[in-house]
Amino acid sequence: MKRCFFLFAFVLFTFNLYSAEFIAAASPKSNSYVMYVKPCDFGPVVDKVVLNTEFMIAQDQVKAEDFDITVYANPKDSIVVYGIVKGTRKVKEAYLSDEFGNPSVLTTGHNITLWLDYSPDEELATPFNDQKILDMEELYNYKIANQNLRISITHRTAVVCKEAAKFKTDSYVYGEGADEIKMNYASYVPKDTSAKIPLIVFFHGMGEVGKNINIPLLKIKSTALAQSSIQKHFGEGAAVLIPQCPTGWMEITDLDPFGNRLWVVVDIGGTLNRLTAPVTNFLNKLFLVPDSEQVDRVVTPVSYYTLAAKDLIDKFIKENPQIDTNRIYIGGCSAGGFMTVNMMLQYPDFFAAAFPICEAFPDARINSRDLSKIAQKPMWFTLAKNDPTIDPEKNTIPTVNRLKSMGAKNLHYSYFDKVEDVTGKYFNADKTAPYEYHGHDSWIYVFNDYVKDGGLSLFEWLAAQTNSN
């Protein structure tokens with residue numbers, strides 16, 4: 001069956017990542033280097049490289065300012081440099097080390113570690129191209145040179161990312177024939193525990209769709225769900241499941257007259273509304289009932305991926321019997337927030353709690369009878385007032401107000417003015433205030449465990465929710 005992007009105005013800035021799995025550790029081969037990737041709030045960066053020069057070098061010869069790193073854009077899976085020169089990286093520290101980057105206690109050696117400078121605004125800090133064409137996978141590679149030491153290294157041994165390496169990656173097929181759905185997914189299960197543990201299911205946004213599971217892991221730093229800062233709230237830990245949608249969670253089961261699947265229409269930044277307001281206002285007066293009545297008559301859209309996602313969750317639970325089926329939690333950002341609300345509406349008794357982030361489910365498209373099914377479910381919404389991508393006034397805010405009017409008792413709502421750095425590492429140009437991120441990126445607060453209601457943190461609250469109450 002064909003897919004139609006009918007009236008769907010998202011621009012797909014696809015962040016295509018290295019297709020192989022990241023590893024937790026590696027040593028560089030002779031005349032080669034290992035690239036180290038670090039997940040950050042603004043995306044993944046290469047923060048260091050470890051070289052094997054093949055020959056012995058004295059510590060006092062190793063100086064950061066003598067190294068030149070040229071960045072090349074290469075075709076998929078290339079491990080040597082050729083192609084387009086993208087720019088250069090600045091080396092801020094250099095020293096002799098062992099093969100894993102630890103400072104050497106010896107005065108000579110053949111391994112050198114280079115720490116690289118990066119910031120939220122430096123595009124070349126990421127190891128990956130930000131492409132605007134789906135499935136165009138390119139990885140930045142480095143030529144590392146030092147004329148004084150006669151070093152010229154262009155071969156990469158491996159890419160290390162300890163945070164991503166915690167996750168197991170796999171693929172899953174649902175259905176068959178023309179309606180077959182293939183999804184990649186990443187999962188994390190705490191080791192060495194015999195206790196029952198909860199499961200966190202997380203849905204990514206539109207910027208992370210595709211066939212490369214490293215995209216949802218690293219672009220929005222969902223690897224944080226497996227880190228101790230979040231895992232500590234769950235006693236013995238929590239399992240994590242991150243499915244990747246091949247097209248977009250907001251593709252729905254509704255069809256146009258030609259048999260193409262439709263998409264939920266979201267007004268991006270209000271631009272569409274401003275352009276069409278004169279026409280739509282006139283049509284509303286002619287054909288539509290008042291808004292207060294409309295929500296009682298609309299048919300709530302259902303994601304095309306609903307059954308596939310639920311089947312994957314069921315499969316994962318069956319394969320991991322230590323998961324407590326009374327503590328299945330669900331969350332997601334942007335289009336993944338739409339999917340979070342969608343799954344809650346379709347399976348209100350299955351999930352114990354939900355935490356939608358900058359969610360993109362238009363409130364006017366949710367039937368009141370459907371919304372009442374989840375009014376008594378524990379839910380925590382997070383968003384920013386200056387979100388220019390998903391208008392809070394047409395999505396989260398009215399939905400929260402309707403849930404309140406339905407008597408919701410375990411409803412939390414974190415509404416930030418803007419999205420700022422919370423690490424204390426990054427500041428604006430004149431160093432007078434924290435660095436300000438795009439207003440849509442409120443998942444930054446969630447993955448830094450910064451979302452609180454009084455003294456209660458989101459993940460502390462989440463860990464306490466259960467269907468057995």
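Structure notes:
- Global geometry of region 147-238, whether rounded, prolate or oblate, following the gyration tensor of its Cα atoms and the 1.5 cut on a/c: oblate
- Listed peptides 336-342, 93-99 by packing density, highest first (mean Cβ within 10 Å): 336-342, 93-99
- Local electrostatic count at A384 - Lys and Arg +1, Asp and Glu -1, tallied over other residues with Cβ under 11 Å: -3
- Taking a straight line from the alpha carbon of K38, these aspartates and glutamates sit under 13 Å away, with near neighbours fewer than eight places off in the same chain left out: D47, D117, E163.
- Taking region 118-264 as the region of interest, the number of lysine pairs whose Cα atoms are within less than 19 Å, with members eight or more places apart or on different chains, is 21.
- Taking a point 7 Å out from the Cα of S171 in the direction of its Cβ, none of the residues of region 308-349 has a backbone N less than 16 Å from it.
- The residues of region 294-338 expose on average 35 square angstrom of accessible surface per residue, using a 1.4 Å probe on protein heavy atoms.
- Percent of Cα pairs exceeding the 25 Å cut-off, where the set is region 313-469: 32
- Between the alpha-carbon centres of region 318-388 and region 157-203 there is a gap of 20 Å.
The values are calculated or read from the model by the stated rules, or taken from the named source; none is laboratory data. Everything numeric here is computed off the predicted structure, so don't read it as measured data. Cβ atoms come from the backbone with ideal geometry, glycine included; neighbour counts cover every protein chain shown. Only protein heavy atoms, including side chains, enter the accessible area calculation; ligands, DNA and RNA are left aside. Shrake-Rupley method; radii C 1.70, N 1.55, O 1.52, S 1.80 Å.
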